[in-house]
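Participant: The structure's right below; bear with me while I get my questions together.
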Amino acid sequence: MDYLEIGTLVNTQGVKGEVRVLPQTDFPEVRFQPGATVYAFPKNGQMVELEIDQSRKHKNFILLHFKDHPSINDVEYLKPSTLKIDAAKQAEAPLQPGEYYYSQIIGLRVIDETGRELGTIKDIMDLGPNDVWVVKRNNQPDLLLPKIDEVIKKVDLEHQVVTVELLEGLE
């Protein structure tokens, strides 16, 4: 089975079996809904299949509770873990024009409109009204690009490149 990473289980939350997850996914409301199956890959352990029975947003985290895990003792061994889904489940969240799965964007080269190489997209931050694409640059701090039409001019998945216009103050 192929897997797609959807988040990192970073800690427990309270004593009733909830866990704190830092989401790294395009559709957290679909990926973390009750009834969904996720796979935890603990740092020091074997993969564990888990069914979500409760989910809620809390600050920058998603708080999850898993079926048949009623106490902190049942989930303590999971921290820290990488959470993944079956890659075949990706299509459950349909895309609108101009939308992309995180897995399609991370790793793309970024160039400006003159063709100058800026770096590679290494992360996507969900900051509310729009995502921010984090570009790793050589010998420079990361470049933060808001996912807005004024900045992201073209996403070419076939050639694995994003063309951007650097507005004043971005670089």
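Participant: Rounded if a/c is under 1.5, else prolate if a/b is larger than b/c, else oblate: which is the range 108-153, with a ≥ b ≥ c the root eigenvalues of its Cα gyration tensor?
Facilitator: oblate
Participant: What number, rounded to the nearest 500 deg cm²/dmol, is the helix-based mean residue ellipticity at 222 nm of the chain, given -39500 (n - 2.57) per DSSP H run of at least four residues and division by all its residues?
Facilitator: Computed ellipticity for the chain at 222 nm equals -1000 deg cm²/dmol.
Participant: Which semi-axes, in whole Å and largest first, does the equivalent ellipsoid of the chain have when worked out from the alpha carbon gyration tensor as the square roots of 5 times its eigenvalues?
Facilitator: Taking √(5λ) for each eigenvalue gives 34, 16, 14 Å, largest first.
Participant: Same structure again: Accessible area of the chain with a 1.4 Å probe: how many percent of it is carbon plus sulfur?
Facilitator: 47
Participant: What does the C-alpha gyration tensor say about the overall shape of the range 1-77? Classify as rounded when a/c is under 1.5, otherwise prolate if a/b is larger than b/c, or oblate.
Facilitator: Rounded shape, in that the Cα axes give a/c under 1.5.
Participant: Quick one: go through the range 17-42 and flag any residue whose amide nitrogen is under 13 Å from the point 7 Å out along the Cα-to-Cβ line of Lys79.
Facilitator: 17-22
Participant: From a point 7 Å beyond the Cα of Ile72 in the direction of its Cβ, which residues of the range 1-23 have a backbone N at a distance under 20 Å?
Facilitator: 9-22
Participant: Measure out, as a whole number of angstrom, how far apart the alpha-carbon centroids of the range 9-26 and the range 102-171 sit.
Facilitator: Using only Cα atoms, the two centres lie 28 Å from each other.
Participant: A follow-up question, please. Length gain on complete extension for the stretch Glu171 to Thr114, per 0.36 nm per residue less the alpha carbon to alpha carbon distance?
Facilitator: Result: 19.0 nm gained on full extension.
Participant: Please give the per residue accessible area of the range 68-165, computed with a probe of 1.4 Å over protein heavy atoms only, in Å².
Facilitator: Each residue of the range 68-165 exposes 58 Å² on average to a 1.4 Å probe.
Participant: Distance cut-off 24 Å, Cα to Cα: go down the list Lys59/Lys154; Lys43/Lys67; Lys16/Lys57; Lys79/Lys136; Lys84/Lys154; Lys16/Lys89 and report the pairs above it.
Facilitator: Flagged as over cut-off: Lys59/Lys154; Lys79/Lys136; Lys84/Lys154; Lys16/Lys89.
Participant: With contacts defined as alpha carbon pairs under 8 Å and 6 or more residues apart, what's the relative contact order of the range 30-149 in percent?
Facilitator: Worked out over the range 30-149, it gives 15 percent.
Participant: At a 1.4 Å probe radius, which order do Lys16, Lys67, Lys147 fall into by accessible area, largest first?
Facilitator: Lys16, Lys67, Lys147
The values are calculated or read from the model by the stated rules, or taken from the named source; none is laboratory data. Please read these numbers as outputs of a predicted model, since none were measured by experiment. Neighbour counts are summed over all protein chains in view; Cβ atoms, including those assigned to glycine, are modelled from backbone coordinates with ideal geometry. Heavy atoms of the whole protein, side chains included, go into the accessibility calculation; ligands, DNA and RNA do not. Shrake-Rupley method; radii C 1.70, N 1.55, O 1.52, S 1.80 Å.
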